[in-house]
Amino acid sequence: MYIVSIVICLLVTNINLVNASPVITDTGGIVAGNGIEISAHSFYTEYKKKHSLDGSSDNLSANESRIATDVPVSLKFLLYENTEMDFKWTYLMLKHTKSDGTQLTANAFGDLTVWAKSQFVSNPSPLANMSLGVGVKVPTGKSIFNVGPNELSVGSGTWDLLFGWFSTEAHGPIMLHGNIKYAIRFNLNANKINNVSLDEIKVVPGNILFYDFAAELPFSSKIVLLAEVNGRIIYSGSASYTGHDGDATSNVDTMAQPQYYLQRSHTVFLTTGVEYTFSGFININVGTQVPIYVSSEYSGVTYFAGIKLRI
């Protein structure tokens, strides 16, 4: 009963959110003043299931395993009034062991993402921020079209043009965030697909829709509870021969990141965690991410820890 009373007290008391922020979902605001924000996380996932297009799944075989550690590093800084620049680059450590004992691995940086985000709504009380963003994803990571033998890809192999809407609103002590982002993928960075020249095969990758929603609840003056729903839809792509009519999809390897390059896939995850603030400019967070719905991809529980610095 004592703990319940504390929680009820926090819910009706307007405690400052101590500069907390969600893990995946971005905020509607921008970095304050001339500040710089640097963050890094480590996400560890041991995949247990492989999902088909309709969402049905099969467990990996007893001798098969797939493990991933993603380490995204982000830099944000004010470009000019009401506009910030965001850079994000992820280092990936991947290992997939097939049932016959063959191992496919990758240890490399993935694709670089750059955003310019401009805030056009900024109300201090009650807090309400809204921003629009445009960006680009650069194919700096190896894709399925240029990896070596027994190597996993760490990038899509495409240039992506990005558009986004970002919102933050305060409702009493609870802070709510929402993002909608869309990626238009084009200009495949490859020369061959399974030793077949791209002069003979035309690949049209599917575009991507991202949707993220988050809530922050202060538990004390330094501790914030986080909850997010993170979704991603990769729309169907296509591969066809340029010299004649015919489906060339069979030439595209499916052991990739994303795992099914030309198939439609849909993933929804629930992300929960807790964030602690040191001295107002250092935040650390830990938590888990569990799959709610997955199609055409692998799934497993993810554990993460991260740090954010404001300079």
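The values are calculated or read from the model by the stated rules, or taken from the named source; none is laboratory data. The model shown is predicted, which means the values in this text are computed figures rather than measured ones. Ideal geometry is used to build each Cβ from the backbone, glycine not excepted, and the neighbour counts take in all protein chains shown. The protein model used for the area step is the full one, side chains on, heavy atoms only, and it has no ligands, DNA or RNA in it. Shrake-Rupley method; radii C 1.70, N 1.55, O 1.52, S 1.80 Å.
Report the residue, chosen from TYR241, TYR298, TYR44, that carries the largest GNM mean-square fluctuation when the chain is represented by alpha-carbon nodes joined by springs under 10 Å.
TYR241
All other residues with a Cβ under 10 Å from the Cβ of SER65 taken together, and with Lys, Arg as +1 and Asp, Glu as -1, what is their net charge?
So the surrounding residues net to +2.
Answer rounded, prolate or oblate for region 97-240, using the Cα gyration tensor with square roots of eigenvalues a ≥ b ≥ c: rounded when a/c is under 1.5, else prolate when a/b is larger than b/c, else oblate.
prolate
Note down the magnitude of the dipole of the chain about its Cα centre, charges +1 on Lys and Arg C-beta and -1 on Asp and Glu C-beta and zero elsewhere, to the nearest 20 debye.
340
Apply the Karplus curve 6.51 cos²θ - 1.76 cosθ + 1.60, θ = phi - 60°, to the phi angles in region 157-171 and return the couplings in whole Hz, x for Gly and Pro.
Computed from phi, the couplings for region 157-171 are x, 10, 7, 10, 8, 10, 10, x, 10, 9, 9, 9, 9, 9, 10 Hz.
Using the beta-carbon distance between ASN150 and LEU79 and R0 = 45 Å, what value does 1/(1 + (r/R0)^6) give for FRET efficiency, to the nearest 0.05?
0.60
On a 0 to 90° scale, report how tilted helix 2-11 is relative to the longest principal axis of the chain, with both axes built from alpha carbons and the result rounded to the nearest 10.
Between the helix axis and the principal axis of the chain, the angle is about 90 degrees.
Considering only protein heavy atoms and a 1.4 Å probe, what is the carbon-and-sulfur percentage of the accessible area of the chain?
Carbon and sulfur atoms account for 60 percent of the accessible area of the chain.
Full extension from SER279 to VAL121: what is 0.36 nm times the residue separation minus their Cα-Cα distance, to one decimal in nm?
54.0 nm
Could you list, bin by bin from short to long, the percent of Cα-Cα pairs of region 42-107 in 10 Å steps?
Per 10 Å bin, starting at 0, the Cα pair percentages come out as 18, 31, 25, 14, 9, 2.
For every other residue with a beta carbon closer than 9 angstrom to the beta carbon of GLY178, add +1 if it is Lys or Arg and -1 if Asp or Glu, then tell me the sum.
Charge balance near GLY178 sits at -2.
For the pair PHE87 and GLU46, what calculated FRET efficiency results from E = 1/(1 + (r/R0)^6), where r is the Cβ-Cβ distance and R0 = 35 Å, to the nearest 0.05?
Calculated value: 0.75.
Keeping every protein chain in place, order ILE223, ILE307 by accessible area at 1.4 Å, biggest value first, i.e. largest first.
ILE307, ILE223
Which value, to two decimals, describes the C-alpha radius of gyration of the chain once divided by 2.2 N^0.38 Å?
1.08
When the chain is treated as a GNM, springs tying every alpha-carbon pair under 10 Å, which of ASN230, ASN63, ASN82 comes out with the largest mean-square fluctuation?
Most flexible of the set in this elastic network: ASN63.
I want the local charge near SER74. Using Cβ-Cβ distances under 9 Å, sum +1 for each Lys or Arg and -1 for each Asp or Glu among the other residues.
Result for the neighbourhood of SER74: +1.
What whole-number value in Å² describes the accessible area per residue of the chain for a 1.4 Å probe?
Dividing the accessible area of the chain by its residue count gives 49 Å².
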